[in-house]
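K.L.:
To start, I am sharing the structure in question, which I have written as structure tokens.
The values are calculated or read from the model by the stated rules, or taken from the named source; none is laboratory data. The structure presented is a predicted model; accordingly, all values stated were derived computationally and were not measured. Don't worry about glycine lacking a Cβ; one is built from the backbone with ideal geometry, like all the others, and counts go over all protein chains shown. These area figures cover heavy atoms from the full protein model, side chains too; ligands, DNA and RNA do not enter into them. Shrake-Rupley method; radii C 1.70, N 1.55, O 1.52, S 1.80 Å.
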Amino acid sequence: MSPTTTKNLEIYDPQEYAKSGNTRSGCIQEILDIHGGFMSWEGVKNVLEIGCGIGDVTEPCFLPLLPRDIERFVCSDGSLTVLEAARTRFQGLEHIEFLQLDIENPIDNGLVSKFDRILSTFCLMYVKNQRQAYENIFNALVPGGDCWIVILATAAAFETLFRLAETSKWKKQLRNIHDILIFPYRNVPEPEKMAENLLESIGFSDISVKLQDFQPNYNTVEGFRANVESLPNVCELSKEDLAELHDDQMDVGKDLNFIDDFYIPGKPVFKPLFQSLLIYAKKP
């Protein structure tokens, strides 16, 4: 059993986080349209979503897929702040439950073999103990149950942070950035193989891992800034320092040449702007 983690999970501001909701839900809907057709929902009675956030992916992308005879859809998140925002969003809807859950720690026995399907989007790339997280998912599934997971391999908004963390100006204040924003598949030569090997070693079957590019439109600095400001203040900077960090992220975005209003023809453009890993696997 791994030691209990002590990370701060209350760093998301639901109102700021909502600013990037269309990007997240648009990406997930595109992936579902392309790759989700093979998943049958027949017989799926109990579903767990890990890292539901404020529910802005859950509502447009997952709830319409649920069968009429669903027994429960459990929205879980490590943060009580965003979980309460999701509870408010779904107030009055039947069959939806809410659970505070840090997937990086061993799950309670009451969750073992309880779910036919587990969903998770843009959550597990923040988890340092990847093996524990996927062992938890495996243990929470019933035999024959499956999981459908999307995580970020890399994204432009985070890349600007990582690059600033290497500068003399921000190196000290962002010194712990990689302990918080884990991104285990960033700069990995074969991310699909790495994920497949982990899932196989835990005991999953029918494993499918696909690398998927999504191209958000960063037409203006204001549009990119809205995306950046939706990210949590992971290093707990002061309000003034955070605003200055965002300014510098805009400058990095301009330098990476992916903001349309500042595009320089002939200069290399940073890619991919938003690259995800789509993971599907079953518990035998």
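K.L.:
For the chain, what is the calculated [θ] at 222 nm in deg cm²/dmol (nearest 500), taking -39500 (n - 2.57) for each run of four or more DSSP H residues and dividing by its residue count?
P.N.:
-9500 deg cm²/dmol
K.L.:
What's the angle, to the nearest 10 degrees (0 to 90), between helix 21-35's Cα axis and the longest principal axis of the chain?
P.N.:
Roughly 50 degrees, rounded to the nearest 10.
K.L.:
Can you give the accessible area per residue of the chain, in Å², using a 1.4 Å probe?
P.N.:
47 Å²
K.L.:
Quick one: Kirkwood hydrodynamic radius for region 176-284, alpha-carbon pairs, angstrom, one decimal?
P.N.:
Result for region 176-284 stands at 16.6 Å.
K.L.:
State log₁₀ I(q)/I(0) for the chain at q = 0.07, 0.10 Å⁻¹ as given by the Debye formula over alpha-carbon point scatterers of equal weight, solvent excluded.
P.N.:
-0.26, -0.53
K.L.:
So if each residue of separation counts as 0.36 nm, and I subtract the Cα-Cα distance between Ser113 and Lys19, what length gain in nm does that give?
P.N.:
30.3 nm
K.L.:
Now, a different point. Roughly to the nearest percent, how much of the accessible area of region 98-243 is carbon and sulfur, given a 1.4 Å probe?
P.N.:
Answer for region 98-243: carbon and sulfur cover 46 percent of the accessible area.
K.L.:
At a probe size of 1.4 Å, how large is the accessible area of Thr160, to the nearest 10 Å²?
P.N.:
In the full protein context, Thr160 sits at about 0 Å².
K.L.:
Okay, moving on. State whether region 8-142 is rounded, prolate or oblate according to the following rule on the C-alpha gyration tensor (a ≥ b ≥ c being the square roots of its eigenvalues): a/c under 1.5 gives rounded; otherwise a/b larger than b/c gives prolate, and the remaining case gives oblate.
P.N.:
rounded
K.L.:
What does the accessible area of Val209 come to, in Å² to the nearest 10, when a probe of 1.4 Å is used?
P.N.:
It works out to around 20 Å².
K.L.:
Could I ask something else about it? List the cysteines in the chain whose Cβ has no other cysteine Cβ under 4.7 Å from it.
P.N.:
Cys27, Cys61, Cys123, Cys147, Cys235
K.L.:
Give the average over all directions of the projected area of the C-alpha convex hull of region 53-115, one decimal, in nm².
P.N.:
Seen from a random direction, the Cα hull of region 53-115 projects 4.7 nm² on average.
K.L.:
Could you tell me which of rounded, prolate or oblate describes region 13-66, using a ≥ b ≥ c as the square roots of the eigenvalues of the alpha-carbon gyration tensor, with rounded for a/c under 1.5 and, failing that, prolate when a/b is larger than b/c and oblate otherwise?
P.N.:
It comes out oblate by the Cα gyration axes.
K.L.:
Once the Cβ-Cβ distance between His95 and Ser40 is put in as r, and R0 is 25 Å, what FRET efficiency do you end up with, to the nearest 0.05?
P.N.:
For R0 = 25 Å, the calculated efficiency reads 0.85.
K.L.:
Could you work out the relative contact order of the chain? I mean the mean sequence separation of Cα pairs under 8 Å and 6+ apart, divided by the number of residues, in percent.
P.N.:
22 percent
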